[in-house]
1. Roughly how many Å² of Asp186 are accessible to a 1.4 Å probe, to the nearest 10?
2. Per DSSP H run of n ≥ 4, the term is -39500 (n - 2.57); total these for the chain, divide by its residue number, and report the mean residue ellipticity at 222 nm rounded to 500 deg cm²/dmol.
3. Can you sort His97, His301 by solvent-accessible area, 1.4 Å probe, largest first?
4. How far is helix 334-349 tilted off the main Cα axis of the chain, in degrees rounded to 10, range 0 to 90?
5. Taking the Cα centre of the chain as origin, sum charge times position over the Cβ atoms of Lys and Arg (+1) and Asp and Glu (-1), and report the length of that vector in debye to the nearest 20.
6. Could you tell me how far the Cα centroid of region 322-351 sits from the Cα centroid of region 57-111, in Å?
7. Under a straight-distance cross-link criterion of Cα-Cα below 17 Å, which aspartates and glutamates are reachable from Lys308, leaving out those fewer than 8 residues away in the same chain?
8. So what's the gap between the Cα centers of region 251-312 and region 158-219, to the nearest angstrom?
Amino acid sequence: MNRMRCGLIGMMFAAAAAAQSPQEAAALNDRANESLWRQQYVEAEALFREAAAMYGALGKDFDAHRAGLLLNVGQALNGQGKRREGAAIYEQALELHRRSLGTKHIHTITNLNYLASTYLLLGDMDRAEPLFTEALTVARSLCPNHIQYATALAGMSNIRSRQGKYAEALSLGEEALKLSIELDGDGGLDTALMYSEVGEVHRVARQNARALPLYRKARAIYEKQLGPEHPRVASVLSQEGLILMDDNKLTLAEQAMTRALDVLRRSCPGCLAEAWIAESNLALLRLKQGNFEESDRLFSHVLSVQEKCLPRPSRDLALTLQSLAAVRKKEKLYEDAVRLNKRAEMIMAFQ
């Protein structure tokens, strides 16, 4: 009897959803977008999901609309720091976009970039690289003067930088920055992203004098557009701290890194990927300051979070293991250091 009742309720819900009009779904989407702009991500997620269900009930003719709504759900999830859930939703949206609009459509390219960027933040370059490659290839022929082409360029720049291919990374990043300034202006959010991407290439290439002004430019834009308590501000500030640490400006580095972590804890407790990057940066500073106990605590915490959150062992996890091994060696815990390094080597062998 209970099963029959549940079935009837499900049928009634589906019928009610189907009775909704496309105009009502669009109006709900507008409300959700307002919540997203106000950074009310939980509310935006619920509204986007409701609108997506409405379009789903209206049939396959509205698959493209539903794909766009799912993309928005992913943005709301990412705003809450729920990267893995966001990636799963982006995958669903991409399947719908490809089926309803085809592979050569700007919405499909946008979806590819969002999904690839999420995987990149999760440290999964194996999944991110082919997605960025596809987005870059299609956008180059379809819309070379669109911001999504610049986004794909910046994504590939990030990947090449992680691979140690700095000349290629810089070329891609500078092309992305130039195009973004033309399209978005020198004070737009997309341009801020490009400034930080080029800054990161210079940082990992040990060109701090070039990196720091670019990061500060990005942070100034984010602070103006999003406010000083936004996670993007914190992420950029933490990377600035790394540069200051490399320049032996340890007091300034500590100020930047601790402020970054404080902002992340207040503004986005669920932003685990951003937090573990910021904690790793601070752990490196503590190591340089000779505070091995605190460095060990931070790296150990980062490792535990990554082991729970990363979809599979990655280069980022291996780097954390190597860093913790370096701390354990300083603490004269040599067997631990050897064990951690061996585990890191095993992971890197499969990258």
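The values are calculated or read from the model by the stated rules, or taken from the named source; none is laboratory data. Since the model is a prediction, treat every value here as computed from it, not as a measurement. Note: ideal-geometry Cβ built from the backbone for every residue, glycine included; neighbour counts use all protein chains shown. Surface areas here come from the heavy atoms of the whole protein model, side chains and all, with no ligands, DNA or RNA. Shrake-Rupley method; radii C 1.70, N 1.55, O 1.52, S 1.80 Å.
1. Answer for Asp186: close to 70 Å² accessible.
2. Details: 17 runs with 291 residues, N = 351.
Calculated mean residue ellipticity at 222 nm is -28000 deg cm²/dmol.
3. Final ranking, largest accessible area leading: His301, His97.
4. Tilt of helix 334-349: around 50 degrees.
5. Numbers: 44 positive and 42 negative charges, 140 e Å.
Dipole magnitude for the chain comes out near 680 debye.
6. Using only Cα atoms, the two centres lie 40 Å from each other.
7. Within reach: Glu85, Asp124, Glu274, Glu279, Asp316.
8. 23
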